[in-house]
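Asker: Take this structure, written in structure tokens, and hold onto it; I'll ask about it next.
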């Protein structure tokens, strides 16, 4: 049984990816950028903001993209039944959050979604991680600072970037389908442990 459960944020703990993608589409149109598909977008979700922009549009200044991006258009809410699932998990495991988001927008979304931070031992984000995802040293930092071995830990995320980070760090991985990455897309990257969303996590074999 995994002792430490580390959660990604967007698409994993909160339902937000749809609104982020919608605003990406608005900026693509405003800046007359080459259109990217939702599948292409999904492949980069989980990286730092600047890395996502540079990966999707080579030569585009992330700062310029950000000037056109309306952060207020993003919406974040908990999944139905999530609060009960997290409370159950917290009784037998240590919970933590690790995301590529910056601290300010992360905590704005946490408040908007009414996520109970008392259930989590620590929150890691762009401003306190030494290395960004998918660099495995990000997860290694979380495990080290919380006092757990990677082999006793599981990362729960919604993207291929999350899966890549876990694999390189020697941390178990469970993919959630709530962020937009399909079971088939996860399978192409060798991910076989997938669940609909975090509400199914308490019954997963890696957690029981």
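Asker: Rounded to two decimals, what ratio of Rg to Rh does region 111-175 give with C-alpha atoms and a Kirkwood Rh?
Answerer: 0.97
Asker: Which value, to two decimals, describes the C-alpha radius of gyration of region 52-164 once divided by 2.2 N^0.38 Å?
Answerer: 1.19
Asker: Of 52, 156, 123, how do they rank once you tally other Cβ atoms within 10 Å and put the fewest first?
Answerer: 123, 52, 156
Asker: Contour minus end-to-end for residue 29 and residue 196, with contour as 0.36 nm per residue of separation and end-to-end as the Cα-Cα distance?
Answerer: 56.9 nm
Asker: Restricting to Cα pairs below 8 Å that are 6+ residues apart, what does the relative contact order work out to for the chain? Please round to a whole percent.
Answerer: Here the relative contact order equals 30 percent.
Asker: Based on other C-beta atoms within 10 Å, arrange 155, 69 from fewest to most.
Answerer: 69, 155
Asker: How would you classify region 17-73 from its alpha-carbon gyration tensor, with a ≥ b ≥ c the square roots of the eigenvalues: rounded for a/c under 1.5, else prolate if a/b is greater than b/c, otherwise oblate?
Answerer: It is rounded, given that a/c, with a ≥ b ≥ c, falls under 1.5.
Asker: On to the next question. For the chain, compute Rh as the Kirkwood radius over C-alpha pairs and then the Stokes-Einstein diffusion coefficient at 25 °C and 0.890 mPa s; write the answer in µm²/s, rounded to an integer.
Answerer: Result for D is 143 µm²/s.
Asker: Let me ask something else about it. How much length would be gained if the chain were fully extended between residue 206 and residue 108, taking 0.36 nm per residue of separation minus their Cα-Cα distance, in nm to one decimal?
Answerer: Roughly 32.2 nm would be gained on extension.
Asker: In which sequence would 208, 110, 174 go, from the one with the fewest C-beta neighbours within 10 Å to the one with the most?
Answerer: 208, 110, 174
Asker: May I ask you to compute the full-extension gain from residue 116 to residue 70, defined as 0.36 nm times their residue separation minus their alpha-carbon distance, rounded to one decimal in nm?
Answerer: That works out to 14.0 nm of additional length.
Read-outs: derived from the displayed coordinates by stated rules, not from any lab. None of these values were measured; they are calculated from a predicted model. Cβ coordinates were reconstructed from backbone atoms using ideal geometry, including for glycine residues, and neighbour counts include every protein chain displayed.
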